[in-house]
């Protein structure tokens, strides 16, 4: 008999079926026992009345992998309205050691460190699994949108000779007797590949040796990167980003509707044009020091609240950040060179995306490195390529874990990451 | 005027259009000049007769980024049958330094090391770019097939505390004052996530500190990993792999037809059932020592030739490798415990995929580690999870670069990798 999933039970009413999954919960009443089995699609219940079978259920432990054959019978009180009656039971593998927390409760009542220590088990909780499913759907939407816009997917080196974003937060790697670093971003490579494909994207790990232990930083995160050539300025990049966000959220609504329901989340609206404020205006909205060179988290929250209030929108662009706080490859605003053709996108008051126009002329790179006091040599293989013809271009990077955390209302990116890495955590 | 791509020229016959791209080639005749511009979609030619414009073309260098406005005019001798007449020309950026090799010749006449030293330029050659496009299409087909079969995409740690595949070929990482390694595969994590989603896949970098410099090994490669639970044995995994290969090749045919044409390649047929030989039979076919524990490259070639000859198939499974040569997590064949429920898939005589059934019982892991003389401690976070209920499961990993190299007939995986990494190469 072919195995069916719990979600398929209603389609098999009256027939003998085979379920397989994990023992999610047992309820042992006086003359009857209920066995709830969890599989990839949800929960299925078996009703056990035979005394010997009841005894077998009593001996089971939560998370044991079992197979149940029985008759699919209507019962409005059962999950999905159908349960298995007169079931026969087979243990696959061996009896499980019960997990250190109850996976069958609606909310996982364990501290985050405990969950992370036992990640392989905690992720089995439907809410934790749902967040990862929402992330998978979002990534599918990212790719589908960019595929449709003529982008080519690329895979770039994660082992590099020079830091891309800043010299401090890199992981050193022993590389055949030499020193290498883990890539903090695919920044240089995606730019170089604009010279090949005009438009490229990459979904991959990025590594930051973050010295701080915060709710929104990870030592490894999944970076959704895009870069495109033949732009006029950063506004062309923002238009692509807007479509990408709409595609990601559309895919979550389409492909992860059940997960969203589990989490009680909803997909925010993405208007045809997202609200945007220029950097000095953002400072004013936040009541911050007009001389500030960046937005701190409180200022980001204030700008996010402003966007919700004034535009009814969960997203807001902040454009024109001071050059002083942007990486050396950032293109200045030709009209006011102390400011940049760059942007951040805030999602519900937290920075989600950084992007902008990049330098594309070789002399500009030389000048920018000199101005930053950075030596040319480590950047030579990257910078030299700009001598050979590069179009005006720009791009952006979305942090997947931040996106999902904001979407599902998780307070810490670790809640939506399968096996997070940070300064204190290298296992499991 | 909105920019069009070279491939769109025929649809704009008779109209004024704007092209943009790289100066691919110039031909300066006595009274006329031809300017061939390359963009993401191909080549577009402009015919220049005006003496001043001809002079401007003469001053251009290859790879300079330009914009050309002119009238789309039919000419059977032009690429795509259409060329731009009475063009006006604008340089975007600055004049390019010509590359150290001619990108306009049908084949890139530069040694592989020279190409790799100037990867950002060499990849602009249509044949090099086409191989990467074929790879992108193959990955899209991998994902689409698995999405359709109920798999969930995951992202797992690349920074790990213990080697997964063997102790020797790992890159050490300085991790906040501790020692970590780069993951050689997502093996443990994809297995643990079978406990969450039943079926998972990941596309991501894998790292091997390969001591040898061969045509088929890289220090970083793109691993296409899948793992599925509730299997009977490795044959269920092979069936999924067969469908995945069909999906990958179908996507290459659909999405990268132009790239295949550029490369002169063709997509092999994937029959409903791929030929399979058991390990001892494979040794016999290859005329190898019947006591051998593995197939060497010559034996793989022989088995590949046998499959082509006997089955007309570019693919062949070799099943039942000796346990002695498989990793400790491999499930033995219950009928003959010295052999395993594992397989390799050969593609045109080269190992492309390794896979099989894994152990799923905690005592089996303990016994396997003890038998291998490996300490439990580094593997504890992984092995302990098997105490909490895991179904019979298995999976496979496809090396993307090997797949593309075999598909397009490249002799070295470096020819189909954007910026390869090996013991001698950390840049560009």
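We did not get these values from a lab; they are worked out from the coordinates using the rules stated. Please read all numbers here as calculations on a predicted model, not as lab measurements. Note: ideal-geometry Cβ built from the backbone for every residue, glycine included; neighbour counts use all protein chains shown.
Cα-based radius of gyration for segment B:128-270, normalised by 2.2 N^0.38 Å, reads 1.18. Tell me, rounded to the nearest percent, the portion of alpha carbon pairs in segment B:8-138 spaced more than 27 Å apart. Of the Cα pairs, 21 percent sit more than 27 Å apart. The mean number of Cβ atoms from other chains found within 10 Å of a Cβ in peptide A:146-156 is 5, as a whole number. For the residues of A:215-226, the average number of beta carbons from a partner chain within 10 Å of their own beta carbon is 1. For segment A:49-89, the ratio of Cα radius of gyration to the globular rule of thumb 2.2 N^0.38 Å stands at 1.24. Annotation: average projected area of segment B:119-416 is 16.1 square nanometres, based on the convex hull of Cα atoms across all directions.
Using a Gaussian network model of chain A in which every pair of alpha carbons under 10 angstrom is joined by a spring, one finds that among A:18, A:133, A:178 the greatest mean-square fluctuation is at A:178. Judged by the mean number of other Cβ atoms found within 10 Å, the most tightly packed of the peptides A:121-132, A:4-15, B:250-261 leads the ranking A:121-132, B:250-261, A:4-15.
Each pair of Cα atoms in segment A:330-428 enters the Kirkwood radius, and Stokes-Einstein at 10 °C and 1.306 mPa s then converts it into a translational diffusion coefficient of 97 µm²/s.
For segment B:159-236, dividing the convex hull volume of the Cα atoms by the residue count gives 120 Å³ per residue. Pairs of Cα atoms in segment A:192-299 fall into 5 Å distance bins, from 0 up to the last occupied one, in shares of 2, 9, 11, 12, 18, 23, 17, 7, 2, 0 percent.
Here the convex hull built on the C-alpha positions of the protein assembly as shown has a volume of 181 cubic angstrom per residue. Calculate log10 I(q)/I(0) of segment A:63-187 for q = 0.11, 0.22 Å⁻¹, where I(q) comes from the Debye formula with a single equal point scatterer on each Cα and nothing for solvent. Log10 I(q)/I(0), no solvent term: -0.78, -1.18.
Take each residue in A:198-207, count the other chain C-beta atoms within 10 Å of its C-beta, and the mean is 4.
Expressed in units of 2.2 N^0.38 Å, where N is the residue count, the Cα radius of gyration of segment B:273-333 is 1.12.
Separation of segment A:157-219 and segment B:319-358 by C-alpha centroid, Å? Between the Cα centres of segment A:157-219 and segment B:319-358 lies a distance of 35 Å. Rounded to two decimals, the Cα-based Rg/Rh of segment A:63-120, with Kirkwood Rh, is 1.10. With kT/(6 pi eta Rh) evaluated at 10 °C and eta = 1.306 mPa s, and Rh the Kirkwood radius from Cα pairs, segment A:243-373 diffuses with a coefficient of 98 µm²/s according to Stokes-Einstein. What sits nearest the axis between copies A and B, counting only chain A Cβ atoms, is the residue and whole-Å distance A:173, 3. Binning the alpha carbon pair distances of segment B:383-428 at 10 angstrom intervals from zero yields the distribution 21, 29, 18, 21, 10, expressed in whole percent. Over the Cα atoms of segment B:7-55, the radius of gyration divided by the Kirkwood radius equals 0.99; this is the Rg/Rh ratio.
Considering segment B:321-362, its Cα convex hull presents a mean projected area of 3.2 nm².
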